[in-house]
1. Provide a single number: the residues in the stretch 298-326 that are assigned to a loop (DSSP other than H, G, I, E, B) and surrounded by 16 or more Cβ atoms within 10 Å (Cβ to Cβ).
2. Within the bounds of the stretch 85-99, is there any residue that is among the aliphatic types (A, V, I, L, M), buried (at least 20 other Cβ atoms within 10 Å of the Cβ), at pLDDT below 90 and over 30 Å from Val306 (Cα atoms)?
3. Is it the case that the stretch 198-209 has a residue that's over 23 Å from Ala113 (Cα atoms), part of a loop (DSSP other than H, G, I, E, B) and open to solvent by less than 20 Å² (accessible area, probe 1.4 Å)?
4. So, Val156, is that one within 16 Å of Ala346 (Cα to Cα), among the hydrophobic types (A, V, I, L, M, F, W, C) and modelled with pLDDT of 90 or more or not?
5. In this structure, is Thr329 β-branched (Val, Ile, Thr) and open to solvent by 20 Å² or more (accessible area, probe 1.4 Å)?
6. From the list Thr160, Thr178, exactly one residue is open to solvent by less than 40 Å² (accessible area, probe 1.4 Å), in contact (Cβ under 8 Å) with a residue 60 or more places away in the chain and of a type in the set (Ser, Thr, Tyr). Which is it?
7. How many residues are open to solvent by less than 50 Å² (accessible area, probe 1.4 Å), part of a helix (DSSP H, G or I) and farther than 20 Å from Arg320 by Cα if we restrict to the stretch 239-297?
8. Tell me, which residue of the stretch 126-154 that is open to solvent by 40 Å² or more (accessible area, probe 1.4 Å) and assigned to a strand (DSSP E or B) is farthest from Asp221 (Cα to Cα)?
Amino acid sequence: MRITRGPAGKPGRGGHRQEEMGVEDATATSPVVREPAMTDVARLAGVSHQTVSRVLNSHPNVREQTRLRVLAAVKELGYRPNRAARALVTGRSQLIGVIAQNSTLYGPSSLLAAFEIAAARQGFAVSVHRVPELGQSSITAAVERHRDERVAGIVVIAPTASADAALAQVPAEVPLVTVDGDPGRGAPMVSVDQEQGAYEATKHLLEAGHETVWHVSGPPDWFDAAGRIRGWRRALQEAGAEVPPVSTGDWSAASGYRAGQMLARMPEVTAVFAANDHQALGALRAMTERGRSVPDQVSIIGFDDVPESAFYSPPLTTVRQDFGAVATTTLDLLLGLMNGAGTKDAQPVILPEFVRRESVRPPAGR
């Protein structure tokens, strides 16, 4: 209820006091609420603020009992570290920039999620800029946006050849690591040994008794697809087997289905290595529709080990990429560059894991 005060504080017309009843008093007596500070955490835990800082920064030289006491105080007070203030003190932000293609494909999406988890464990936030394509203009613009954000370092998920020209233009002082890319560029990079994974998959089919293996590939401008073609071809050549023509796809189940429709009409096709599990799923359906039983008449192997692959009918033999290991290795390499201790030509390679399930059998009659 709003009442206006008359002269000398007397009630105004109508005999009412002229003031905002309760509002002024409440404003005058309300306590000022502030966010808990590091000193509050130190006081509650009974330690110095330097000890609190060491605990929050995962410093190894802190007793476990002390660490637990500090973390309990942090939780009780609801303390949140001031990253902006820390950046002013250390000269480095706790933000890492990531550039990725705007895609829902399993591999890049899984890698991005794994990297965000790995960064959070090290106390870093992640800012992601998605680009419609990995071309020079889009990557250059994304790098500049990240630099405007004052990120501590940048990771580029660069699975296509078109990204290389743009990455070569990034200023040398920017700590940057790519996932995938051209090893010949001589820049910090982490990758999975796609060739070895495809080699093991193809060799497994040959050792099961198949005379040759047909391949449904990914897009030709992807490094992963090219590596899987090399591994498939190497296994066939080492065995002295015929190298059939490649059926090119686009990572989708639909492209695997289209290739499978063609392969299903060819009685000589008894084994198929698909460049990813979704293409394998499409090929599997095409075979079934044409009356070619999997695995009794045709064996199929995929790549990636998507969560659904164990529930295909039959469960799919495939090659698993350890995205957690890729993310951790990428972050370690980037942190080394940020701290001035990294190697600018380091290119660690993560080995994939072959996963045997029920989609492979010897060909009929063997």
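The values are calculated or read from the model by the stated rules, or taken from the named source; none is laboratory data. Every value quoted in this text rests on a predicted model; they were computed, and no experiment measured them. No Cβ is skipped: glycine too gets one built from the backbone with ideal geometry, and neighbour counts run over all protein chains shown. Accessible surface areas use protein heavy atoms only, side chains included; no ligands, DNA or RNA. Shrake-Rupley method; radii C 1.70, N 1.55, O 1.52, S 1.80 Å.
1. 10
2. no
3. yes
4. When the stated conditions are applied, Val156 passes them.
5. In short, yes.
6. That would be Thr160, the only listed residue that is open to solvent by less than 40 Å² (accessible area, probe 1.4 Å), in contact (Cβ under 8 Å) with a residue 60 or more places away in the chain and of a type in the set (Ser, Thr, Tyr).
7. Final tally of qualifying residues: 7.
8. Filtering first and then ranking leaves Val128.
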